[in-house]
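Written below as structure tokens is the structure these notes are about.
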Amino acid sequence: MEPARERIGRILGILKKEYPKSVTLLHHKTPLQLLVATILSAQCTDERVNRVTPGLFRKYPSAKAFAEAQPAELEMDVRSTGFFRNKTKNIIGAAKTIVADFHGRVPDTMEELLTLPGVARKTANIVLSSAFGKAEGIAVDTHVARISRRLGLSEESVPEKIERDLMALVPKTYWIDFNSMLVNHGRAVCQSRKPRCPECKVNSLCPKIGVDPKFTAASA
């Protein structure tokens, strides 16, 4: 199999053709809404988050409203997304910092976003790319981590190290779309437990094919 650097252009071309409208599936209208939705999406499906957020955003229309929320009440509002106590703590903490340090507006730089409680690089990258159209990195979630390793784009397991490898490999013009393309591909084809390799348009560029019995390009 060719080195990743020689395959990446073809991989990106195929994925872009397969998933031309690669945008976050988290419903939002403002950077604040996307930030809250992304925090809620940890260990939770986007579909579940999207069922919770319409009412949540009506009840808490601003950073000030989230900052002043009663923890016990907000916990009940987001309970169905799982890990609700920690998510509530992070949402309120981030909102308080936004109000105190950024005049109530979500900051638009990686450095500033990382000062918000509960915000690591993955969340910051999603907010920057989908809310501000800025490419300062590549968001590495479970789909990106899994598929990047399967395609031989990174051998790392720590998200920050995977991101470092991807940023060195993927042209910056693709940074904004890369997360969404791999998320879409991971949901539709390159699934965790049972990858649908015969249907995969990049299987000829995948080093797992023919090496691991879980991965085969043969027709089902």
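The values are calculated or read from the model by the stated rules, or taken from the named source; none is laboratory data. Quantities reported herein were computed from a predicted structural model and do not represent experimental measurements. With ideal geometry, Cβ positions are generated from the backbone for all residues, glycine too; neighbour counts draw on all protein chains shown.
A few notes on this one:
- Unmet requirement for residue 18, which otherwise passes all of (1) within 30 Å of residue 207 (Cα to Cα); (2) acidic (Asp, Glu); (3) surrounded by fewer than 14 Cβ atoms within 10 Å (Cβ to Cβ): (3)
- Residue within region 143-155 that is exposed (fewer than 14 other Cβ atoms within 10 Å of the Cβ), under 18 Å from the mean Cα position of the chain (by Cα) and modelled with pLDDT of 95 or more present: no
- Among the residues of region 17-57, the one identified as among the small types (Gly, Ala, Ser), more than 14 Å from residue 77 (Cβ to Cβ) and in contact with an Asp or Glu (Cβ under 8 Å, 6 or more places away or on another chain) is 22.
- If you go through region 5-40 and keep only what is at pLDDT 95 or above and β-branched (Val, Ile, Thr), you end up with 8, 11, 14, 30, 36, 38, 39.
- Count of residues meeting criterion [aliphatic (A, V, I, L, M) and more than 20 Å from residue 49 (Cβ to Cβ)] in region 62-97: 2
- Note on region 185-206: among residues that are among the basic types (Lys, Arg) and in contact (Cβ under 8 Å) with a residue 40 or more places away in the chain, the one that is farthest from residue 143 (Cα to Cα) is 201.
- So residue 23, is it under 22 Å from residue 186 (Cβ atoms) and assigned to a loop (DSSP other than H, G, I, E, B): yes
- Residues in region 112-134 that are surrounded by 20 or more Cβ atoms within 10 Å (Cβ to Cβ) and assigned to a loop (DSSP other than H, G, I, E, B): 2 in all.
- Filtered residue count, region 167-198, keeping only those that are assigned to a helix (DSSP H, G or I) and closer than 27 Å to residue 134 by Cα: 20
- The residues in region 79-106 that are more than 18 Å from residue 127 (Cβ to Cβ) and of a type in the set (A, V, I, L, M, F, W, C) can be counted, and the count is 3.
- Any hit, region 134-142, residues being closer than 25 Å to residue 212 by Cα and modelled with pLDDT under 95: yes
- All told, residue 106 meets the bar of being out of contact with any strand residue (DSSP E or B) (no Cβ under 9 Å at 6 or more places or on another chain), touching a residue at least 60 places away in the same chain (Cβ under 8 Å), assigned to a loop (DSSP other than H, G, I, E, B) and buried (at least 22 other Cβ atoms within 10 Å of the Cβ).
- Qualifying residues in region 65-103 (those that are in contact with a Leu (Cβ under 8 Å, 6 or more places away or on another chain) and of a type in the set (S, T, N, Q)) - the one surrounded by the fewest Cβ atoms within 10 Å (Cβ to Cβ): 97
- Region 156-166 - residue that is of a type outside the set (S, T, N, Q) and in a loop (DSSP other than H, G, I, E, B) and, of those, surrounded by the most Cβ atoms within 10 Å (Cβ to Cβ): 156
- Sole residue being of a type outside the set (Gly, Ala, Ser), touching a helix residue (DSSP H, G or I) at 6+ places or on another chain (Cβ under 9 Å) and more than 15 Å from residue 35 (Cβ to Cβ), chosen from 205, 128, 113: 205
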